[in-house]
Amino acid sequence: MEEALLKVLSFALVICIGVAFSRSGSLGDGAGRLVSKVVFNLTLPCAIVSAFGSAEFHADLLGLTALGLAITALQFFLSFLVYRNLGEKELTYQLSNVAGYNIGCFALAFVQAFFPPSAVIAVCLFDAGNALMGTGGTLALIKSLVLGDEGQGRGRVFVRTLFSSVAFDAYVALILLGSFGIKVPNGAIQLISPMANANAFLSMFMIGLMFKTCFDGAGRRELTRLLVWRYACAVLLSFSVFPLLPLGDEVRTILTILAWAPIPSTGPVYTLWCGGNEGLASMANAISVLIGIVATTIVMASTGVLG
């Protein structure tokens, strides 16, 4: 337990370092946007390729990929239907952060520490579906449904935005290759390993660079609304996994843990790119990391994982 907590707390420390750099202004005003471009166009795609290349692909668990996509898409569309009359900036903030989970930089640390290697494969397959929204789907939907130019057509905006994401393209290609039993060569994984290993640090550092405290009334309302939605979904999923899903106890325990994973690091970035309040989004992200640490510990204790 100590090892997993130290690993996750190290991510929180990197966020704090990013906040310190942001407050000092030593990296300039555009540092957060610059780092986000590096993450989404280089380190995140490399991390995706590395993770898939290191895991065995099991077709019988491919349903977890569909489940990950279905859960994140449902969160997005329910929130859109309820809050579609909000102002553009508020709606962008809500939709950028309400769906999806930070699995690679958070939940995976707990799973690797307390479960056998086979469990990591289940996590990666669920994350593949989750990431289809997080690495491109969410941004494409926001641009087509909220910010889209009617003259261009929402479908065209959606497709262009979706496939312009290098990370999304990587996930689609790797799922297709895995379905045909084709693995990424070990030499390629070793070649990109420096970039892949840098992804966790840069993602957390990026969140810290964008962090701004928002204690005004409007900011508190937006923050509360977002967190209530996310954790209502987490409670619902947690109590639905065991009675409804025909999976083994180990996989169902893992899915319960994933339900409490923090807001994905893409959330503040999409908020920034779409003109929303990226400082408030980063604040929500940091809070979700703290809640995730506590909630994940409780889930593992209540399911007997901690012994």
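Sum -39500 (n - 2.57) across every DSSP H segment of at least 4 residues in the chain, then divide by the residue count to get the 222 nm mean residue ellipticity, nearest 500. All intermediate terms of the calculation are to be shown ahead of the outcome.
Details: 16 runs with 224 residues, N = 307.
Computed ellipticity for the chain at 222 nm equals -23500 deg cm²/dmol.
Take each complete run of DSSP H in the chain, measure how far its Cα atoms stretch along the helix's own axis, and keep only those covering 27 Å or more with mean Kyte-Doolittle hydropathy at least 0.5; list them.
2-24, 63-83, 217-244, 278-302
Among the lysines, select those whose C-alpha is under 22 Å from the C-alpha of residue 212, and discard any that sit fewer than 8 residues away in the same chain.
Filter leaves 37, 89.
To the nearest 20 debye, what charge dipole does region 144-268 have about its Cα centre, counting +1 at the Cβ of each Lys and Arg and -1 at the Cβ of each Asp and Glu?
The dipole of region 144-268 has a size of about 180 debye.
Carbon and sulfur: what percent of region 181-282's accessible surface (1.4 Å probe)?
68 percent
Over region 244-307, give the accessible area per residue in Å² for a 1.4 Å probe, as an integer.
Details: 2060 Å² over 64 residues.
Here the per-residue accessible area is 32 Å².
If I take all pairs of Cα atoms in region 144-302, what percentage of them are more than 29 Å from each other?
Numbers: 4872 of 12561 pairs.
Tail fraction, whole percent: 39.
Run the quick spin-label model on residue 166 and residue 232: label points 7 Å from Cα toward the beta carbon, then report their separation in nm to one decimal.
With each label placed 7 Å out from Cα toward Cβ, I get 3.8 nm.
The values are calculated or read from the model by the stated rules, or taken from the named source; none is laboratory data. Being a predicted model, the structure only gives us computed values, none of them experimental. Please note: Cβ atoms are built from the backbone with ideal geometry, for glycine as well, and neighbour counts cover all protein chains shown. Ligands, DNA and RNA are excluded from the accessible area calculation, which covers all protein heavy atoms including side chains. Shrake-Rupley method; radii C 1.70, N 1.55, O 1.52, S 1.80 Å.
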